[in-house]
Amino acid sequence: MPKTFRKLYTYGGKNKMKIYTVVSLAALAVLIAVASGTASVADNVSNGTTTCNVVGTNYELDSWSNEQYPVIDLFEEKYVPLFSRDDDIWDAHVNKLASLILDSNETHTLKPGENVDLGNGYTLDVREIDIEGENVWLELTRSGQHVANKTVSIDTDDNKTWTVILDDVQGESNVVVMKVHVKQLFVGAESSIVWIDGIWLIDYANARTLNIGDKLGEFTLKEIINGVDESNLGSLVFENASSSDNTSVADHASLDDDALISDSPASPSPEKGQVKFTDKNAGSPTSWYWNFLKYVTIKSKEIF
């Protein structure tokens, strides 16, 4: 069965829409591929809205393999919903987000007085190493200012992880902001050395709370859906401003304009993954709106 697509074109400040049939199955296949590829950018695209789902993510470090943390991908940028150490992953605050700075199992061997630059102004400093006591004193700083510190013991596997918990992060308490795993301590040729093999960090200092109506680029937050269990960790639903604009334009597409006669037949080139449209419009339209099936609407100043 041949499928249809819509083209809305503009001329002299007026808009008009006609529906065309693409008979070529090759052209239809290419259009579907374009539409599907665009839809995959978000978790779900429907009726001018985009749903971004929270997902459980494994830490890079194998020693933390029995744990997960929540991540939400907002238009190709990864954020971590704020969560507390004692809460279930689906209890994370879906609309209170911090950028993920680091999730690494890279090895660092450090002497007392040395540090690791974690990015965004955060630093992990090694203050002291006590070989006999099997512990190391670590400190987290931001822009040179003290944030937290702890003497980490390596006598048991459970004690080898330092989990940094902070209060008053976007109004929330007991928020996990960093995890550090100490693999081993040993005596070097000149000094004692600590072997760190896992670091996880969020940019808690620049965390943000999203409210209904807030905008991210062209997207407006429409709904906040809290998590309920491990199969549904919560979502944020955004309205696409450009989709709304296109809908409002289409509402006026019934304006009568006999001077506009649209004719843009498609010439498929499946071996190149392209469909070429030839502009035979009468009336010199100034722009075109292309609606491929139900997925993608594109405004262009030139014919495709």
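Pairs of Lys residues in the stretch 49-238 that lie 8 or more places apart, or on two chains, and have C-alpha atoms under 27 angstrom apart add up to 17. For the stretch 102-115, putting each phi into the Karplus relation 6.51 cos²θ - 1.76 cosθ + 1.60 with θ = phi - 60° gives couplings of 8, 9, 9, 10, 5, 8, 10, 10, 10, 9, x, x, 8, 8 Hz, in residue order, rounded to whole numbers and with x for Gly and Pro.
Sorting GLU223, GLU239, GLU190, GLU67 on the 10 Å Cβ count, fewest up front, what's the list? Provide the component values of the computation, followed by the final result.
Working: GLU223 12, GLU239 18, GLU190 7, GLU67 15.
If I rank by nearby Cβ atoms, fewest first, I get GLU190, GLU223, GLU67, GLU239.
Compactness ratio for the stretch 49-238: Cα radius of gyration over 2.2 N^0.38 Å (N = residue count) comes to 1.12. If I model a spin label at ASN66 and HIS146 as a point 7 Å from the Cα along the Cα→Cβ vector, what separation in nanometres do I get? Reported label-point gap for ASN66 and HIS146 is 3.4 nm. For the stretch 186-227, the mean projected area of the C-alpha convex hull, equal to one quarter of the hull surface, is 6.5 nm². Between the stretch 81-160 and the stretch 199-216, the C-alpha centres lie 20 angstrom from each other.
Laboratory data are not the source of any read-out in this text; all were calculated from the coordinates shown. Since this is a predicted model, take the numbers as computed values, not measurements. We place every Cβ from the backbone using ideal geometry, glycine too, and count neighbours over all the protein chains shown.
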